[in-house]
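Written below as structure tokens is the structure these notes are about.
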Amino acid sequence: MRKYLFAGNWKMNKTLKEVEDYFDKFLKKLSEINLSDREIMIAPPFTSLAYCQSILKDKPLKLGAQNSCWEEKGAFTGEISPKMLKELGVEYVILGHSERRHIFGETNEIIARRVEGVYKFGLIPILCVGETLEERNKGKTLEVVETQLSEGLKAIKEIKENEPVIAYEPVWAIGTGITATPEQAEEVHLFIREKLKKLYSEEIAGKIRILYGGSVTPDNIKDLMKKPNIDGVLVGGASLDPEKFFKICSIKVEKE
Ligand code: 13P
């Protein structure tokens with residue numbers, strides 16, 4: 001069985017003081033979550049990673065980063081390397097997020113290099129894919145997702161362990177309060193799983209976790225998680241509130 005992954009993407013939010021307050025509350029509750037079937041991960045801004053590493057020592061909470069360069073070091077102003085992230089206890093790296101693609105112009109080519117670099121360093125990339133509203137309305141959802149997926153993974157020819165994670169995040173659902181219905185999400189997740197079988201193998205595709213992201217809340221998490229190919233969630237806004245994120249992470253998963 002795939003271990004569920006409940007991941008929080010804090011984006012560009014929280015000063016160090018706010019991070020302290022958050023963990024004060026969240027860590028008290030963490031012991032109430034049954035972690036036998038799931039992992040919980042938080043990706044704070046780079047500026048609080050060192051603090052998070054110190055406070056999360058011996059805690060069953062995984063640390064993520066929100067981007068990474070592919071090189072170990074060098075003249076890449078403004079970038080952070082996978083080696084630096086590893087040193088800070090980071091295990092997961094979110095890559096190809098729609099905000100990176102649409103606000104900062106990251107292409108499939110750049111994202112593929114990042115995915116490869118991170119994977120080679122033994123970190124787990126979370127490759128985000130998803131269509132805009134316009135693309136959905138034109139019936140292009142699966143085509144867009146297929147391209148982003150195969151282009152983003154193209155440098156990873158073989159997967160032996162540390163399978164990458166895929167996050168399906170429809171752009172129209174991010175930060176809008178409009179969640180994809182569980183059926184809409186499942187359709188794309190199943191499509192991704194089938195595509196992964198062709199790219200790798202049935203066995204590997206069966207191990208890769210596919211997360212849903214886009215306006216996930218404590219109210220809609222249960223129905224989303226019922227779907228067989230939804231293995232977890234990537235939460236933005238609701239992960240900023242320790243109580244809401246706790247509610248999301250602690251739900252009982254009941255598959256259809
Ligand atoms: P929201 O949960 O705020 O819609 O953001 C989703 C997201 O982009 C997670 O990466």
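The values are calculated or read from the model by the stated rules, or taken from the named source; none is laboratory data. Bear in mind the structure is a predicted one, so any value in this text is a computation, not a measurement. Every residue, glycine among them, receives a Cβ derived from its backbone with ideal geometry; neighbour counts consider all protein chains shown. The protein model used for the area step is the full one, side chains on, heavy atoms only, and it has no ligands, DNA or RNA in it. Shrake-Rupley method; radii C 1.70, N 1.55, O 1.52, S 1.80 Å.
With respect to Gly175, is the statement that it is touching a residue at least 60 places away in the same chain (Cβ under 8 Å), surrounded by fewer than 18 Cβ atoms within 10 Å (Cβ to Cβ), out of contact with any strand residue (DSSP E or B) (no Cβ under 8 Å at 6 or more places or on another chain) and within 25 Å of Val118 (Cβ to Cβ) true?
Spelling it out, Gly175 is indeed touching a residue at least 60 places away in the same chain (Cβ under 8 Å), surrounded by fewer than 18 Cβ atoms within 10 Å (Cβ to Cβ), out of contact with any strand residue (DSSP E or B) (no Cβ under 8 Å at 6 or more places or on another chain) and within 25 Å of Val118 (Cβ to Cβ).
Just to verify a result, which residue in segment 1-50, among those that are small (Gly, Ala, Ser) and at pLDDT below 95, is farthest from Cys128 (Cα to Cα)?
Ser31
Out of segment 129-141, which residues are assigned to a helix (DSSP H, G or I) and open to solvent by 60 Å² or more (accessible area, probe 1.4 Å)?
Leu133, Glu134, Asn137
Among the residues of segment 39-98, which ones are more than 30 Å from Val145 (Cα to Cα) and open to solvent by less than 10 Å² (accessible area, probe 1.4 Å)?
Ser48, Leu49, Cys52
Every residue, every condition in (1) over 21 Å from Ile230 (Cα atoms); (2) touching a Ser or Thr at 6+ places or on another chain (Cβ under 9 Å); (3) in a helix (DSSP H, G or I); (4) open to solvent by 20 Å² or more (accessible area, probe 1.4 Å), yes or no:
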residue: Gly122; (1), (2), (3), (4): yes, no, no, yes
residue: Leu127; (1), (2), (3), (4): no, no, no, no
residue: Val145; (1), (2), (3), (4): no, no, yes, no
residue: Leu149; (1), (2), (3), (4): no, no, yes, no
residue: Ala167; (1), (2), (3), (4): no, no, no, no
residue: Arg193; (1), (2), (3), (4): no, no, yes, no
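Tell me, which helices (runs of 4 or more DSSP H) wholly within segment 1-117 include 2 or more residues that are within 16 Å of the ligand (Cβ to nearest atom)?
So the answer is 98-102.
Would you check which residues across segment 136-170 are free of Cβ contacts under 8 Å to residues at least 24 places away in the same chain and more than 30 Å from Leu63 (Cβ to Cβ) and list them?
Asn137, Lys138, Gly139, Lys140, Glu143, Val144
Looking only at residues in segment 13-29 that are surrounded by fewer than 19 Cβ atoms within 10 Å (Cβ to Cβ) and of a type outside the set (Lys, Arg), which one is nearest to the chain's Cα centre (by Cα)?
Out of the qualifying residues, it is Asn13.
Taking the residues in segment 178-191 that are open to solvent by less than 10 Å² (accessible area, probe 1.4 Å) and out of contact with any Lys or Arg (no Cβ under 8 Å at 6 or more places or on another chain) as candidates, determine which candidate is farthest from Ala238 (Cα to Cα).
Checking each candidate, the answer is Val188.
Looking at segment 213-226, can you tell me whether even one residue there is free of Cβ contacts under 8 Å to residues at least 24 places away in the same chain and buried (at least 18 other Cβ atoms within 10 Å of the Cβ)?
Within segment 213-226, not a single residue is free of Cβ contacts under 8 Å to residues at least 24 places away in the same chain and buried (at least 18 other Cβ atoms within 10 Å of the Cβ).
What number of residues in segment 100-119 are over 18 Å from the mean Cα position of the chain (by Cα) and touching a residue at least 40 places away in the same chain (Cβ under 8 Å)?
Total meeting the criteria: 1.
Kindly establish whether Lys252 is within 14 Å of the ligand (Cβ to nearest atom) and either out of contact with any Leu (no Cβ under 7 Å at 6 or more places or on another chain) or assigned to a helix (DSSP H, G or I) (or both).
Answer is no for this residue.
What do you reckon, is Ile204 surrounded by fewer than 20 Cβ atoms within 10 Å (Cβ to Cβ) and either in contact with a Lys or Arg (Cβ under 7 Å, 6 or more places away or on another chain) or touching a residue at least 40 places away in the same chain (Cβ under 8 Å) (or both)?
yes
Starting from residues that are hydrophobic (A, V, I, L, M, F, W, C) and in a helix (DSSP H, G or I), keep the ones in segment 169-186 and report whichever is nearest to the ligand (Cβ to nearest atom).
Result: Ala173.
What are the residues in segment 237-249 that are within 12 Å of the ligand (Cβ to nearest atom), open to solvent by 20 Å² or more (accessible area, probe 1.4 Å) and in contact (Cβ under 8 Å) with a residue 24 or more places away in the chain, if any?
Result: Gly237, Leu240, Lys244.
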